[in-house]
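Structure first, commentary second.
The values are calculated or read from the model by the stated rules, or taken from the named source; none is laboratory data. As the structure is a prediction and not an experimental result, all values here were calculated from the model. Here Cβ is always computed from backbone atoms with ideal geometry, including for glycine, and neighbour counts include all displayed protein chains. Areas reflect the complete protein model, heavy atoms only, side chains present, ligands, DNA and RNA absent. Shrake-Rupley method; radii C 1.70, N 1.55, O 1.52, S 1.80 Å.
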Amino acid sequence: MIAQVRRFNRIVTQRVGALNDRFLARDRSLGESRLLWEIGAEGRDVRSLRAQLQLDSGYLSRLLRSLEASGLVTLGPSESDRRVRIARLTRRGTSERAVLDRRSDELASSLLAPLSASRRAQLVAAMADVERLLIAAMVEVAPIDPAHPHAQHYLHEYFAELDRRFDTGFDPALSIPADEREVRPPAGLFLVATLREEPIGCGALRFHKRKPAEIKRMWVAESARGLGVGRRILGELEDRAAVHGAKVVRLETNKSLVEAISLYRSAGYVEVAPFNSEPYAHHWFEKRIKLAAARRQPRRRPSIQRS
C-alpha cells in the first residue's frame, strides 16, 4: 500500500508540474502560485493561510516575502485587530492570478484530452474519491477541556441541531446532564475533531468505575459529513474507554437521528432495554469493546524538511 501511494505521488507531482521551479511557465514555484490563489480577491489572514496549507510559519513567511518583493502581494495589519496580519493581492497580483487560473484550466484540460469520454468520467470520479479520502486523513481527534471555546461552540451547535430535528424540540435543561466536571478527567473526557485546525466534531465519555462507560455529545458539523468523522470519533471514544478499563460502552439516541442510528448499528452496537430515563431517547445501545491493536501506539506525523 505504501508503494502504491508513493507511485501515485510521483506521477501526480510530475503531471501537475510540481517538479518545475517555474510552475505553469511563470516566474515562480508551485508554492508561491498556490499562495496567490489562496489569498484571492478578498485577502486572507496569514494564520488562516498557514492552517489551510499546513505550512510552518518560517516557510510561509519566506514565500510571502518573495511575493511581496515581486510586487504581487502586500502584507499589513487587520483593520479590526492589528495583531492579525493580512495578505492582499496588488493589482499586478490579481492579474497574475488570472493568468494562473487560465493556465491551470489548460493544464487540467490537457490531462483529460487524451482520454475517451468514459475514461474522463472515470478519472474525474476517482479524483473526487481520492480528494475526499485525503481530506478525511487530515482530520485529527484529540482530548480538550470541555470549557475550551471550541468545545463550547460545538456543544451549542449540537444542541441547536437537536432542537431543529427533534419532533418536540430540545431543551438541555430537560435532558440528563453531562456537565463539564463529568466529562473532564478523571470523571470522563471530551474529544474534538479538527480539520486544518478548525473544529468539525465532538464526542464525550463518562466513566463509571466498573460499570459501562457512557458516550455523550456525539456530533459532526454538516460541512464535514461524509468524511467518516463520526466513525472516527466513535472509534477513538471506544479505545479511550477501553484504556480506562471499561468493557462495555453505552449510549442513547433519538429516533430522528437516523444517520447516527445507522452508524451505531454498523459499528457493532446492539439495541438494549432502556438503562436510563433520558426523556428524548427512543433507542438505547451498547457494545462490548477492547482496545484496537492498530491504535495502541500513538501515531506521529513524519517531519517535513523544506528548502
Only one of ALA136, ALA128 is modelled with pLDDT under 95, within 30 Å of ASN254 (Cβ to Cβ) and out of contact with any helix residue (DSSP H, G or I) (no Cβ under 6 Å at 6 or more places or on another chain). Can you tell me which? ALA136
Would the range 11-33 turn up any residue that is part of a strand (DSSP E or B) and on the phi < 0 side of the Ramachandran plot? no
Could you list, ordered by first residue, the pairs with Cβ atoms under 7 Å in which the first is in the range 165-184 and closer than 15 Å to LYS216 by Cα and the second is acidic (Asp, Glu), at least 6 apart or interchain? SER175/GLU278; ILE176/GLU278; ARG184/ASP145
Of the criteria (1) open to solvent by 80 Å² or more (accessible area, probe 1.4 Å); (2) in contact (Cβ under 8 Å) with a residue 12 or more places away in the chain, which one ARG65 fails: (2)
Answer yes if at least one residue in the range 95-113 is open to solvent by less than 50 Å² (accessible area, probe 1.4 Å) and in a loop (DSSP other than H, G, I, E, B), and no otherwise. no
Show the residue pairs meeting these rules: Cβ distance below 9 Å; 6+ apart or different chains; first residue within the range 96-107 and farther than 11 Å from TRP37 by Cβ; second residue open to solvent by 70 Å² or more (accessible area, probe 1.4 Å) and in a helix (DSSP H, G or I). LEU107/ARG15
So how many residues does the range 241-264 have that are within 24 Å of the chain's Cα centre (by Cα), in a helix (DSSP H, G or I) and surrounded by fewer than 21 Cβ atoms within 10 Å (Cβ to Cβ)? 6
For the range 69-90: of the residues being among the charged types (D, E, K, R) and either part of a strand (DSSP E or B) or at pLDDT 95 or above (or both), which is nearest to TRP37 (Cα to Cα)? ARG88
Tell me, which residue of the range 120-141 that is within 13 Å of the chain's Cα centre (by Cα) and open to solvent by 50 Å² or more (accessible area, probe 1.4 Å) is farthest from ARG181 (Cα to Cα)? GLU131
Options LEU49, LEU60, LEU55; residue that is outside any helix (DSSP H, G or I), open to solvent by less than 70 Å² (accessible area, probe 1.4 Å) and farther than 21 Å from ALA25 by Cα: LEU55
